[in-house]
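To keep things clear, I will list the structure first and then write my remarks on it.
None of the figures in this text is laboratory data; all of them are computed from the coordinates on show. Owing to the predicted nature of the structure, the values given are computational and were not obtained by experimental measurement. Here Cβ is always computed from backbone atoms with ideal geometry, including for glycine, and neighbour counts include all displayed protein chains.
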DNA sequence: GTAATATATAACTAATCTAGTAAGTAATTA
DNA sequence: TAATTACTTACTAGATTAGTTATATATTAC
């Protein structure tokens, strides 16, 4: 019942980038150190953020990564789902598992609980995490 | 980010028992079949419910298990935490992981999201799941 | 009192997922 | 051309989960 660390790291990276007031690139290694993220993990996470179009990297001396999207437009939910794929607190919510999806009272509870959870993530943006 | 099946099965077992209008014991094997739970898994789950005092088993011919607690007083959260232990959607919430717990804005989001999730579970009882 | 029945207990296995490692590739600048 | 930095890919160790199997214990029927 835990979210993955990669998702947590991704949020941390984006928040760190958003906190750079100049939009100068910052080295991913520097980001890793500031946020206590294992350096080896940075590449694969940044690559995902990059493909999604939120982050841009420039290589070579003086290079680094920078945020190229308004941090207010990126929700925590967006980030989590980008890294982990769609979230289900229970397999029943994936659909196709069970016959009586419609009438199942337990399924309704899962659904309600999940909505409550995801709403918080949906309503929180990267910008909201800046101190 | 998924709850375990055992927790799901435990809820199903309790709900099935609660739906028996007479308080006659019903064979655990019968419960397993009705709720599509692998029969081999039943013993360990029932044992846990039994130790907790919600269920009582009687052995031998004509035996079975029965609910000995008001289903309205058992919340889904009680059951999940009995089976899985305390729930944390993120390790930060366990405490002792991070230095700046108090000031961490991300931690506040985890906390809020978890509260939203657990509230739903806390406010739903086994009795609520009866059709 | 013995056999059948049903729960209780405990140890084990296979499969999956997660976190992290490591090695090499590609682009940019000095 | 060498140094620097991001990008890509494959791999490994450990933990967790789901389920299996075997055995012990209590109760009833005969």
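Could you tell me how many degrees, from 0 to 90 and to the nearest 10, lie between the Cα long axis of helix A:5-19 and the main elongation axis, the longest principal axis, of the Cα atoms of chain A? Long axis of A:5-19 versus the principal axis of chain A: about 50 degrees. The angle separating the long axis of helix A:42-51 from the principal Cα axis of greatest extent in chain A is about 80 degrees. Taking the 0 to 90 degree range and rounding to the nearest ten, how far is the long axis of helix A:105-122 tilted relative to the main principal axis of chain A, both from C-alpha atoms? Helix A:105-122 and the main axis of chain A meet at about 20 degrees. Mean per-residue shielding of peptide A:4-17 is 1, counting Cβ atoms of other chains within 10 Å of each Cβ. Summed over all non-identical Cα pairs, the Kirkwood treatment of the protein assembly as shown gives a radius of 20.8 Å. When the label point is put 7 Å from the Cα of residue A:131 along its Cα-to-beta-carbon vector, which residues of region B:84-101 have a backbone N closer than 17 Å? Only B:98-101 pass the distance filter.
Quick one: order A:78, B:21 by neighbouring beta-carbon count within 10 Å, fewest to most. If I rank by nearby Cβ atoms, fewest first, I get B:21, A:78. The tail of the calculated P(r) for region B:60-131, taken as Cα-Cα distances beyond 14 Å, holds 69 percent of the pairs.
Between residue B:99 and residue A:102, the simple spin-label model (points 7 angstrom out along Cα→Cβ) gives 5.8 nm. Across region B:41-88, the mean sequence separation of Cα contacts (distance under 8 Å, 6 or more residues apart), normalised by length, yields a relative contact order of 27 percent.
For chain B, relative contact order (Cα pairs under 8 Å, six or more residues apart, normalised by length) works out to 30 percent. Per-residue mean of foreign Cβ neighbours for A:78-88 is 1 (Cβ atoms of other chains, 10 Å radius).
Across region B:6-72, counting alpha-carbon atoms alone, Rg and Dmax equal 10.6, 30 Å.
Mean partner shielding of peptide B:113-125, defined as the number of other chain Cβ atoms within 10 Å of each residue Cβ, is 5. Remark: label point of residue B:48 defined 7 Å out from Cα along the Cα-Cβ vector; separations to the same position in other copies 2.8 nm, ascending.
Using just its DSSP H runs of length 4 or more, each adding -39500 (n - 2.57), chain B gives a mean residue ellipticity at 222 nm of -14000 deg cm²/dmol after division by all residues. Looking only at A:101, A:39, A:84, which one moves most when chain A is put into a Gaussian network model with springs between Cα atoms under 10 Å? Looking only at A:101, A:39, A:84, the biggest GNM fluctuation is shown by A:101.
Between region B:2-78 and region A:38-72, the C-alpha centres lie 50 angstrom from each other.
Listed peptides A:43-54, B:49-60 appear in the order A:43-54, B:49-60 once ranked by packing, highest mean of other Cβ atoms within 10 Å at the front.
For residue A:61 and residue A:88, FRET efficiency with R0 = 30 Å and r from the beta-carbon atoms, rounded to 0.05?
Working from the Cβ atoms, E equals 0.10.
Entry for chain B at q = 0.23 Å⁻¹: log10 I(q)/I(0) = -1.37, Debye formula applied to identical alpha-carbon scatterers, no solvent contribution.
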